[in-house]
Amino acid sequence: MKKTVLIVCAHPDDEVLGCFGTVARLISEGYIAYTLILGEGKTSREENNSKDDITSLREEIMNANTKIGIKDVFIKTFPDNRFDNVNLLDIIKSVSSVIEEVKPDIIFTHFENDLNIDHRITYQAVLTATRPMEHQTVKEIYSFEILSSTEWNYPLSFSPDTYFDISQTIHLKMEAMKEYHSELCQYPHPRSLQGIELNAKYHGMRVGKQYIEAFKSIRVIK
């Protein structure tokens with residue numbers, strides 16, 4: 001039976017930055033993968049956004065996820081950078097409903113101590129929605145880093161213990177990130193194509209590989 005992966009992230013492009021090299025590799029190995037994006041994205045941070053802006057962002061989301069073969073994308077509309085103003089139970093229910101629908105074996109989500117409040121709350125919602133009850137399908141949960149969030153917190157505490165070799169799929173991660181025209185920044189901003197490549201090289205250097213995505217394992221049941 002094919003295993004199923006679910007990416008649970010707060011904002012559009014978090015899925016690419018966090019784990020697209022790894023998920024692209026897993027898809028190539030026969031896994032089925034889905035993405036859940038909980039927040040509206042940067043359209044809610046700016047005044048006078050038009051319907052065209054929102055439509056454009058949705059197109060970017062779908063184009064980026066199609067690049068690596070994501071089967072389906074679930075998009076919610078919680079307010080960007082204001083998850084703390086939302087009843088946590090509502091976010092948990094959104095995560096739970098998608099888990100119940102796709103029945104993932106593996107979840108990739110945010111790191112608990114990111115600078116961004118939405119990332120931290122997403123992590124809490126995932127843990128609550130995946131409590132290890134008898135019929136829980138999720139057997140593995142991993143936290144990823146998000147450039148311009150994880151490394152901008154202090155004190156630094158992201159200490160990865162799981163490394164996926166993405167040397168064969170980093171090009172797909174980069175192609176997917178190019179689809180996010182409204183989110184991509186120019187180097188030396190970390191959320192740039194050069195920043196993404198340098199970060200993968202840095203983790204690769206630490207474990208003797210060309211390109212790596214690094215994760216903190218949260219729960220792994222074998």
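The values are calculated or read from the model by the stated rules, or taken from the named source; none is laboratory data. Just so you know, these numbers come straight off a predicted model, no measurement behind them. Virtual Cβ from ideal backbone geometry, glycine too; neighbours counted across all protein chains shown. Surface areas here come from the heavy atoms of the whole protein model, side chains and all, with no ligands, DNA or RNA. Shrake-Rupley method; radii C 1.70, N 1.55, O 1.52, S 1.80 Å.
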State yes or no: is Glu134 surrounded by 14 or more Cβ atoms within 10 Å (Cβ to Cβ), in a loop (DSSP other than H, G, I, E, B) and modelled with pLDDT under 95? no
Test result for Phe20, within 25 Å of Lys173 (Cβ to Cβ), open to solvent by less than 70 Å² (accessible area, probe 1.4 Å), touching a strand residue (DSSP E or B) at 6+ places or on another chain (Cβ under 6 Å) and hydrophobic (A, V, I, L, M, F, W, C): no
Residue pairs within 6 Å by beta carbon, gap of at least six or interchain, first lying in the range 125-138 and farther than 15 Å from Leu88 by Cα, second at pLDDT 95 or above and open to solvent by less than 50 Å² (accessible area, probe 1.4 Å), listed first then second, are Val138/Pro104; Val138/Ile107; Val138/Thr130
If we scan the range 207-218, do we find a residue that is touching a residue at least 24 places away in the same chain (Cβ under 8 Å), assigned to a helix (DSSP H, G or I) and exposed (fewer than 14 other Cβ atoms within 10 Å of the Cβ)? yes
Would you confirm whether or not the range 175-184 contains a residue that is modelled with pLDDT of 95 or more, part of a helix (DSSP H, G or I), closer than 12 Å to Leu147 by Cβ and within 16 Å of the chain's Cα centre (by Cα)? yes
Close pairs from the range 63-90: first within 16 Å of Leu38 (Cα to Cα) and open to solvent by 70 Å² or more (accessible area, probe 1.4 Å), partner modelled with pLDDT of 95 or more and assigned to a strand (DSSP E or B), Cβ under 8 Å, at least 6 apart: Thr77/Gly39; Asp90/Phe78
Matching residues in the range 115-166 - criterion: being closer than 20 Å to Asn81 by Cα and in contact with a Lys or Arg (Cβ under 6 Å, 6 or more places away or on another chain): Ser143, Leu147, Ser148
Looking at (1) at pLDDT 95 or above; (2) among the charged types (D, E, K, R); (3) open to solvent by 30 Å² or more (accessible area, probe 1.4 Å), which one does Glu60 not meet, given that it meets all the others? (3)
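Table: residues versus (1) open to solvent by less than 20 Å² (accessible area, probe 1.4 Å); (2) within 30 Å of Lys222 (Cβ to Cβ); (3) of a type in the set (Ser, Thr, Tyr).
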{"position": "Asp105", "(1), (2), (3)": "no, yes, no"}
{"position": "Leu115", "(1), (2), (3)": "no, no, no"}
{"position": "Thr130", "(1), (2), (3)": "yes, yes, yes"}
{"position": "Leu156", "(1), (2), (3)": "no, yes, no"}
{"position": "Ser159", "(1), (2), (3)": "no, yes, yes"}
Filtering the range 1-17 down to residues that are touching a Lys or Arg at 6+ places or on another chain (Cβ under 8 Å) and open to solvent by 10 Å² or more (accessible area, probe 1.4 Å) yields Thr4, His11, Leu17
Among the residues of the range 191-212, are any under 28 Å from Ser96 (Cα atoms) and touching a strand residue (DSSP E or B) at 6+ places or on another chain (Cβ under 8 Å)? no
Go through the range 168-186 and count every residue that is under 19 Å from Arg58 (Cα atoms) and not aliphatic (A, V, I, L, M). 9
